[in-house]
Amino acid sequence: MSQSPVTPTARPRRPQLNLTVRERRLLSPSMVRVVMGIDEPERYADVVPPEKYVKLVFLDPAGEHPSPAPGQNPDYWELKESLPGDRQPVTRHFTIRRYVPERDELWMDFVLHGDEGFAGPWAARAEPGDRIIALGPGGKWAPSAEAAWTLVAADDAAIPAALAVVEALPASARGEVVLEVGSPRDVLAVTAPAGMAVRWVFRQDAAPGDTRALVRAVQEAGWPAAPEGVQVFAHGERESMKALRDELLGRRGLAREQVSLSGYWAQGRTEDVFQAEKKQPVGQIL
């Protein structure tokens with residue numbers, strides 16, 4: 001007797017959040033913060049992990065970054081189902097640096113890359129009153145308050161998530177925070193438990209042919225003698241994360257459940273190519 005084919009379960013749709021820009025703050029020459037109010041706060045369902053993220057929606061695939069008009073926000077899911085491929089809205093994953101419930105407010109920090117891409121140029125020009133659509137939030141990893149030693153490592157793209165994780169650690173936490181940026185001009189203020197040593201490393205100091213300052217800094221960290229009780233949050237450029245996979249799971253002997261390791265971008269790849277490669281061997285981290 002033949003069996004009927006199993007119909008795949010549709011993934012639940014993330015709620016659509018309609019956001020209005022309240023403020024733009026330049027944090028460094030390479031990073032800007034956009035503070036946004038949530039227009040319908042009842043749509044926002046917070047998640048526990050400090051590494052919260054949303055998908056920002058850019059309505060014009062040609063890159064003009066139009067802002068939805070007040071009271072006229074389109075329904076993202078209707079657009080996705082009705083528009084042809086070349087007119088589909090573009091989405092980009094971004095970390096929520098902070099959710100401020102008493103103000104129904106989201107802070108999001110963006111790395112500035114000139115006029116390339118969607119999110120960076122939008123953030124660089126965002127003005128109070130501008131509007132944008134987001135989907136979410138989501139979140140996966142939360143640090144354990146019981147860990148004996150914690151390593152948090154990130155490059156520019158993942159620094160907002162890394163700092164959110166550091167701020168969620170208990171006051172008793174011990175370990176290291178390693179952050180990679182281009183130069184000392186890009187260093188940000190960090191609030192961390194007293195037992196978490198914060199170290200900045202700079203790509204401008206790399207020797208010719210060595211572009212992985214973050215990997216080298218993690219290798220040189222003050223690791224405990226044994227892997228028990230260690231937890232690691234390491235997010236950043238894909239090839240650097242692959243190198244850290246070998247360092248963490250191989251040389252340091254950590255188990256996969258002790259490590260949150262994620263590629264946020266890939267050198268030499270556009271965002272769309274990077275996302276497509278996540279399903280291929282070249283895009284696999286763990």
Most exposed first, judged by fewest Cβ atoms within 10 angstrom, 82, 262, 240 run 82, 262, 240
Approximate spin-label separation residue 87-residue 220, in nm, with each point projected 7 Å along Cα-to-Cβ: 5.5 nm
Any idea how far apart residue 78 and residue 183 come out in nm if each label point goes 7 Å out from Cα toward Cβ? 4.9 nm
Length released on extending from residue 267 to residue 102, taking residue separation times 0.36 nm less the Cα-Cα span: 55.5 nm
Taking every DSSP bridge whose two residues both lie in segment 16-138, the antiparallel percent to the nearest 5 is 95 percent
Of 248-261, 104-117, ordering from highest average Cβ density within 10 Å down gives 104-117, 248-261
Candidate aspartates and glutamates - alpha carbon under 18 Å from residue 52, same-chain residues fewer than 8 apart omitted: 42, 102, 104, 105, 109, 155, 156, 167
Once the other residues with Cβ under 12 Å from the Cβ of residue 16 are scored (Lys, Arg +1; Asp, Glu -1), what is the net sum? +1
Karplus ³J(HN,Hα) for segment 39-53 (6.51 cos²θ - 1.76 cosθ + 1.60, θ = phi - 60°; Hz, whole; x = Gly/Pro) runs 5, 10, x, 5, 7, 8, 10, 5, 10, 6, x, x, 7, 7, 8
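Values quoted throughout were computed directly from the atomic coordinates according to the rules given, and no laboratory measurement underlies them. Bear in mind that the values here come from a model prediction, so they are computed numbers and not experimental data. Positions of Cβ are backbone-derived with ideal geometry, glycine not excepted, and every protein chain shown enters the neighbour counts.
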